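Chemist: Pasting in a structure now, in structure tokens, and then I'll have a few things to ask.
Where a number appears in this text, it was derived from the coordinates with a stated rule and is not lab data. The shown structure was predicted, so the numbers you read here are calculated from the model rather than taken from an experiment. Here Cβ is always computed from backbone atoms with ideal geometry, including for glycine, and neighbour counts include all displayed protein chains.
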Amino acid sequence: MIATVTELKQAQREYAACLERERTRILVCAGTGCIANGAMRIYEELTRLAAETGSLVDIDLLLEDEAREGSAVVKTGCRGFCAAGPLVHVEPAGVLYTHVKAEDAGEILQAALRGEVVERLVYRDPASGEPYPRPEAAPFYRRQTRQVLERCGAIDPERIEEYIAQGGYQALARVLREMTPEQVCQEVLASGLRGRGGAGFPTGKKWEFARVQQSDVKYVVCNGDEGDPGAFMNRSLMEGDPHRVLEGMIIAGYAIGASQGVFYVRAEYPLAVRRIRTAIAQAEEKGLLGDNILGSGFSFRASVKEGAGAFVCGEETALLASAEGERGMPRPKPPFPAVAGLYGRPTIINNVETLGNVAAIINNGAQWFRNLGTEKSAGTKTFALTGKVRNTGLVEVPMGCTLREMVFDIGGGIPGGKRLKAVQIGGPSGGCLPEEMLDLPLDYDTLQAKGAMVGSGGLVVIDEDNCIVEVARFFMQFIQNESCGKCVACREGTKQMLALLQKIVDGKATMEDLDLLEEVALVVRDASLCGLGKTAANPVLSTLRYFREEYLAHIQGRTCPAGVCAAFRHYAIDPEKCKGCGRCARACPAGAITGEVKKPYVIDQSKCAHCGACVDTCRFGAVEER
Amino acid sequence: MLVAVESILARHGYRRSDLIAMLQEIQESYHYLPEEALNYLATALGVSPATVFGVATFYAQFSLDPKGKYLVRVCDGTACHVKGSQRIYDRLVKKLKLREGRVTTSDGLFTLETVACLGACGIAPVMVINDTVHPQMTPEAAETIVETLMKREAEPETEPAAVGEGNA
Amino acid sequence: MAGYVTIDGIKVPIEGQRNLLEMVRQAGVDLPTFCYHSELSVYGACRMCVVEDARGQVISSCSTPPADGMAIRTNTPRLMHIRRMMLELYLANHCRDCTTCAKNGNCKLQELCARFGVDRVRFPAREATEPLDLSTPGIVRDNNKCILCGDCVRVCSEVQGIGAIGFAYRGSRARVTPAYNRSLGEVDCVTCGQCLAVCPTGALTVRPEVDRVWAALRNPNKRVVVQTAPAVRVAIGEAFGLEPGAISTGQMVGALRRLGFARVFDTSFAADLTTIEETHEFIERLQKGERLPQFTSCCPAWVKMAEQYYPEKLGQLSTCRSPQQMFGSVLKRFYARQEGIDPADLFVVSVMPCTAKKFEAQRPEFADGDVRDVDAVLTTQELARMIQSAGIIFSEVEEDSYDTPFGLATGAGVIYGASGGVATAVAREANWLLTGRRVTDLTLEPAPGQPGVMEAELEIGGRTVRVAVVSGLGNTRRLLADMDEGKVAYDIVEVMACPGGCAGGGGQPLPNETAQRKARARGLRAADKRQQIRFAQDNVLVKELYGQWLGEPNSHAAHQALHTGYGHRRRIAVEGEHTHGAPSLQVKVCVGTSCYLRGARDVLRRLSEEIEKQGLEATVDLAGAFCLERCDRGPNVVINGQEFNRVREDDVPHILRQALAAAPRQHAPASAVEGEGARGRVVECQ
């Protein structure tokens, strides 16, 4: 139980001293991805072997026995480098091992104890193949500024002691002891922090709106409903450093005058849910949540609510409806949640990453945050870099980093020597930017001006082998599935846009269809009730803006330049190679192939369904695909 | 069953705002939401059955039809999609002999669904069976895993062991 | 708050308007809307009322409160384009067979498409065709015409406190439906019809009985008589260009005669009958101090609600039938006899403002065999249709008067159509009976803390009688909750399901909003004041009826003809439930070693599943037995003493079915008191 700020500082010293006594620290990444690849067996094996050496310690043991020293095996949160997992990191050497198997545990442990390195497991840059035992030197990590993610992969997220040892909850202490709620809002405003969930609204401003509302009950809601497919920044942060987010929430509560906080986390993130619940329980146990925190008179309690599988609940008013036990349908704004939100009370809804930035801003000051990033978009942003790029994973860069740096320096470029076609930013509600835009800085306003958006930070790299129209169709299908159905613009508009995109992909569209598609897109953008609807047209509008030729190719040219859309794949039988066995004719579901035994068969193009079954069944390679 | 629902209600203090959490707990116990349970919830919370039905049908997580013992979910998020999750799904449809839009096998053992992004994009394509995450799937690998489960179920008196590696 | 909002350059002062939409109407602009309704919560989904603010943002005017200094434009090219595209999108998912739709000419979607010049739909037509929901006698639900505005959902939930219908599913699969996609008749819908009063399209309409009435009129073997409810006479004219509340009784009667009805009677006559019976009943309860407070029973939607939600209060409902049903009973029993007609050949039609009356007329207790007391119920809308299709020009019809002996009504009977009318009539009668005084007015004041409730206190015969009048079922539920908690107390409560009373019934002409309801109620009260006779006991023809057939009020004969009973109703039909008595089965599955090894566990499991699936837990007793000593023939199952051997899992459904069919039946638990209102049998309420 930590009852005062002094006790907090004392605890920090105590825990830090404990961790010093860990001569060796072997960190096993235990995020969802690595666990799926067997991280827990590696952890168990390392623990068992370390115990056999007699030097295994953990922080509880160190607290009990002040004389002890030894080696620790720690399971950490997600480092965001899942494709290279399972990951094991050894301190103090700072070595990162990738693609580790349970059988490697012995070797890793021995090497760690002797201060050596297991060469074959060391991280290698996928582009050059060069080994980088210390990952910070690798191209993937070199250009990053891992500030919000600083502890993900470095601490055990299920031990509050480790968080405190690293200075955790000091920001809260400072806020409670030295600052008024108004000053906190001012500091956050001065830092230039903007909402990291996508909208980019100045956080300090939002807090101030809520702070000045007169109400005896207010709420802080953390939006952990990261629904963008391809985005896992919030998941990693919740799994890897849950106390960081929790501390930010408590500070937010103090700033606006709320005594209750709710974490709304998607049900598809069970590990994140567990880690947050554990963090809350541990904070309560230490008195950092509950009544009279650190003797300040300020009380705050937090709870967790799980989503139930609805992307639209990432929209704040839909989230509130869901938290109130209703269908997750958005409500018109005004009134804004800061005035009337959860149960009609003043509420601020902040993204996980937004809250994750707060403690650091308090600790280091607004100016420190401003020094990172650009003038209008301060600080850093996490991105999930995926798609056709060598280094996929979780990336954190200062705002203003260019797309070129992201894709080629950090991402390691496009594999297979393929050409970049586009970068899709901001999830399904975002937009696609072409190669010409690569030198754009990644910040809120620049991207918005170009018809894209930073969004939650998903970045998917698309190369020449992807069909941009199919990409637009794929995203529109997602949006159609997730539309809540309340307002006609989104409910019917996205349905018709999807139908038109399907028509284009199927090779049945006309130019009128293209005009209609654009017309509907613009109206859906203007007339929809909520953010999901308003941005639903982005996949269409941004691809039409920059990749119109590709649409025209499908409609007028009757071809798919990337060779993806089945409707345009042309199949023909080479009479030289055809043996007349008739297998393809039997496989054809459309009855389009005719011929006589031992004579070359022929495909009737007018009947062809473009399914490719004939290619698959021919044993002589006689069916060509064009 | 109503006794179980009653205890869930009591644990949540009969709070209407906890309706979704209550539905999640019922679904976890029964693998779906029985109509009887929904009616009971409606009566206990003082809302109409149509309201509870509306909440239950809004969220993808809930099913009003009994789900199979093994809930197989193939992720169709962007990263998984571009890495061929559709082919994995199609292969499983064939393997489980699911026809005409049915999602649960007639022996009640398997339910097949797609899910939009589990946030495990680094290990795409992803398949999840109950609580176990299977990384970097291919159609063949997925089929093999399902086949193993099918074999296990066909043998009586054997308790099925943990499904695949790891635990989420 | 003070200040101005500039609308299209015109400054409009802020004077308590709740949103911009209300203000825009004051700037002389009529913005279209589907989902906005002044009595319901703001939904903001139809996107038709959009306006542009100073920054060029498109916002819905219904959901934006006014603020000083706001400037909006209602009619930019972008807004026009949006409105047209929204309509095109609505039409893309809508049944476009307007010519055969009940709302043809009266549909808001049609109206707005015409207004905004939508002359083409560039999207493919709607694919699915859903079947009609004809499960209630009063309402037709056609989901092919639903535009998901949610007005019906909100009226049923917020105003009527029932929520029989709601939104389900999501996105383009979203639909408005009762729970579990059941039909309205299978859930707790009370057929009040408020949903169809607010539906802007043909998704919810009145279930017509016009064809049956035409058939009866043309049938030479039938004598067709009609009774008209009070609330019809102040509303029927609306279909012919008259103002709501205009009393067009004479023309209505004349039109009915021209349609071919043999006799035209006034339901208000029966209302007087109801007043007398109910007042006598009330006085008796007051004197005995039992079964109080008394609740009126003339509103069938309220009665169904009580049967569903408040079975413990059924004993307090007045046992009087409604005026419609009293009339039907009187006509079939006495009038038929008097005229020498077989009741089966007498076809009684009632014209009502109400859709629930269609449900009431079909209640089994209001029939003798298959001869119903009231054969058909027409709503005001349907009568207007009949008059129109007959080509009768309403304004030129010569006024006519009701037929004797059932055409004379007092003012007390006429005001039944307005909320407070029944209570007023009963108060007049009670006063007269107990004190001999003629007091016409019941001074109703709004009850503090009780929305929608009016109350009054009467000093009658040395005691204070507390009267409450409530309309709207949501208000009713709140009132009942407060009464149960002891916060308020009354001796007699008039309950009308429709806000404003029958004047706002589901069958009234559209628009059927507060303004129209108030005007109609005003018309009724004016009609009452114009009557020479205003006290039910002064109705000489009612006295004659008693003299000739009924004897005294509340007599045995009166009870037979004019009273009824009530039963319990489940709120929602449950799958697989037996409605006519449940069989009782004792099932024992041997789980001794031998049977176990042969698969008895699977048999037991399957039985348990089947029982659960069919909802038979309460009636099937399933148990395991340890060794039935038939080990060579296992697995063994014994059901009600009958033995089944070598049972496999797949045999279970078949065996269970057989056993259920053969099993003895128990009496149904807690089920309907047989409302024995049929002719010749004593009517008692439990």
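Chemist: Which of the residue pairs A:Lys376/A:Lys495; A:Lys333/C:Lys11; A:Lys418/A:Lys534; C:Lys108/C:Lys529; A:Lys75/A:Lys206; A:Lys376/B:Lys83 have a Cα-Cα distance greater than 26 Å in the structure shown?
Modeler: Violating the 26 Å limit, Cα to Cα: A:Lys376/A:Lys495; A:Lys418/A:Lys534; C:Lys108/C:Lys529; A:Lys75/A:Lys206; A:Lys376/B:Lys83.
Chemist: Counting only trypsin sites (Lys or Arg not before Pro) that sit in a DSSP loop (anything but H, G, I, E, B) with at most 11 other Cβ atoms within 10 Å, what is the longest stretch of chain B containing none of them?
Modeler: B:1-96
Chemist: Follow-up. Which shape class, rounded, prolate or oblate, goes with the stretch A:105-204 when its Cα gyration tensor gives a ≥ b ≥ c as root eigenvalues, a/c under 1.5 marks rounded, and past that a/b bigger than b/c marks prolate?
Modeler: oblate
Chemist: Name the shape class, rounded, prolate or oblate, that the alpha-carbon gyration tensor gives for chain C, where a ≥ b ≥ c are the square roots of its eigenvalues, rounded holds for a/c under 1.5, and otherwise prolate holds if a/b is larger than b/c and oblate otherwise.
Modeler: Since a/c reaches 1.5 but b/c is at least a/b, the shape of chain C is classed as oblate.
Chemist: Let me ask something else. Indicate the gyration tensor shape class of the stretch C:411-480 (rounded, prolate or oblate), computed on the Cα atoms with a ≥ b ≥ c the square roots of the eigenvalues: a/c under 1.5 is rounded; otherwise a/b larger than b/c is prolate and the rest oblate.
Modeler: Cα axes put the stretch C:411-480 in the oblate bin.
Chemist: Just to confirm a number: summing +1 for Lys and Arg and -1 for Asp and Glu over residues other than A:Glu64 whose beta-carbon lies under 13 angstrom from that of A:Glu64, what do you get?
Modeler: -4
Chemist: Hey, quick one: spin label on C:Glu513, modelled 7 Å out along Cα-Cβ, who in the stretch C:461-498 has an amide N within reach, i.e. under 20 Å?
Modeler: C:472, C:498
Chemist: Quick check: the distance between the Cα centres of the stretch B:9-27 and the stretch A:253-323, to the nearest angstrom?
Modeler: Distance between centres, Cα-based: 17 Å.
Chemist: Please give me, ordered by residue number, the GluC sites (Glu not before Pro) of the stretch A:513-578 that lie in loop per DSSP and have at most 16 other Cβ atoms within 10 Å.
Modeler: A:Glu576
Chemist: So, one more: Can you compute the modelled spin-label distance between C:Arg570 and A:Val122, with each label point 7 Å from Cα toward Cβ, in nm?
Modeler: 7.4
Chemist: Follow-up question, since we're still on this one. Remind me, relative contact order of chain C in percent, using alpha carbon pairs under 8 angstrom and six or more residues apart?
Modeler: This gives 13 percent for chain C.
Chemist: Each residue of the stretch C:311-323 in order: what ³J(HN,Hα) in whole Hz does its phi give by Karplus 6.51 cos²θ - 1.76 cosθ + 1.60, θ = phi - 60°, with x for Gly and Pro?
Modeler: Result, rounded to whole Hz: x, 6, 9, 4, x, 8, 5, 4, 7, 5, 6, 6, x.
Chemist: A further question on this structure: Where nothing but the Cβ of Lys and Arg (+1) and of Asp and Glu (-1) is charged, how large is the charge dipole of chain A around its Cα centre, in debye to the nearest 20?
Modeler: Computed about the Cα centre, the dipole is about 1340 debye.
Chemist: Report the gain in length on full extension from C:Glu158 to C:Glu544: 0.36 nm times residue separation, minus Cα-Cα distance, nm rounded to one decimal.
Modeler: 134.4 nm
Chemist: Label point 7 Å out from C:Asp53 along Cα-to-Cβ: which residues of the stretch A:498-541 have amide N under 15 Å?
Modeler: Within reach of a label on C:Asp53: A:527-531.
Chemist: Given points 7 Å out from each Cα along the Cα-Cβ axis, report the A:Glu624 to B:Tyr14 separation in nanometres with one decimal.
Modeler: It is 7.8 nm.
Chemist: Roughly how big is the stretch A:468-555's charge dipole about its Cα centre, with Cβ charges of +1 (Lys, Arg) and -1 (Asp, Glu), in debye to the nearest 20?
Modeler: I would put it at about 320 debye.
Chemist: Through the Karplus equation 6.51 cos²θ - 1.76 cosθ + 1.60, θ set to phi - 60°, convert the phi angles of the stretch A:18-24 into ³J(HN,Hα) values in whole Hz; use x for Gly and Pro.
Modeler: 4, 5, 4, 6, 7, 4, 10
Chemist: A further question follows. Tell me which of C:Tyr4, C:Val51, C:Thr64 sits at the most positive position along the dipole axis of the stretch C:4-75, charges placed on C-beta atoms (Lys, Arg +1; Asp, Glu -1).
Modeler: Positive-end residue among those listed: C:Val51.
Chemist: I want the local charge near B:Leu118. Using Cβ-Cβ distances under 11 Å, sum +1 for each Lys or Arg and -1 for each Asp or Glu among the other residues.
Modeler: Local net charge: 0.
Chemist: Assuming 0.36 nm per residue, please report the length gained on full extension of the stretch C:Lys288 to C:Asn221 beyond their Cα-Cα distance.
Modeler: Length difference between fully extended and current span is 19.2 nm.
Chemist: Another one. Where Lys and Arg each count +1 and Asp and Glu each count -1, what net charge lies around A:Cys82 among other residues with Cβ under 12 Å from its Cβ?
Modeler: So the surrounding residues net to +1.
Chemist: How many angstrom lie between the C-alpha centres of the stretch A:344-389 and the stretch A:101-156?
Modeler: 27
Chemist: Please give the FRET efficiency for A:Arg68 paired with A:Asn292, using the beta carbon to beta carbon distance and R0 = 51 Å, rounded to the nearest 0.05.
Modeler: That gives a FRET efficiency of 0.90.
Chemist: If the chain between A:Ala199 and A:Asn364 were fully stretched, how many nm would it gain, using 0.36 nm times the residue separation less the Cα-Cα distance?
Modeler: Gain on stretching A:Ala199 to A:Asn364: 56.9 nm.
Chemist: A further question on this structure: At 7 Å along Cα-to-Cβ for each site, give me the label-to-label distance between B:Asp107 and A:Glu464 in nm.
Modeler: Distance between the two pseudo-spin positions: 5.0 nm.
Chemist: Please state the relative contact order of chain A as a whole percent: Cα pairs under 8 Å, 6+ residues apart?
Modeler: 11 percent.
Chemist: Right, something else. Along the Cα-to-C-beta direction of C:Ala71, a point sits 7 Å from the Cα; which residues of the stretch C:1-28 have their amide N less than 15 Å from that point?
Modeler: It comes to C:4-12, nothing else.
Chemist: Let me ask you something else. Where the centroid of each part is defined by its Cα atoms, how far is the stretch A:30-49 from the stretch A:550-626 in Å?
Modeler: Each part reduced to its Cα centre gives a spacing of 48 Å.
Chemist: Given Cβ point charges of +1 (Lys, Arg) and -1 (Asp, Glu) and nothing else, what value in debye, to the nearest 20, does the dipole of the stretch C:122-203 about its Cα centre take?
Modeler: 340
Chemist: From Cα pairs below 8 angstrom and at least 6 apart in sequence, can you work out the relative contact order of the stretch A:380-463, rounded to a whole percent?
Modeler: 37
Chemist: Output ³J(HN,Hα) for the stretch A:514-530: one whole-Hz value per residue in order, computed from phi by the Karplus curve 6.51 cos²θ - 1.76 cosθ + 1.60 with θ = phi - 60°, and x for Gly and Pro.
Modeler: 5, 4, 5, 4, 5, 4, 4, 4, 5, 5, 4, 4, 7, 9, 5, 6, 10
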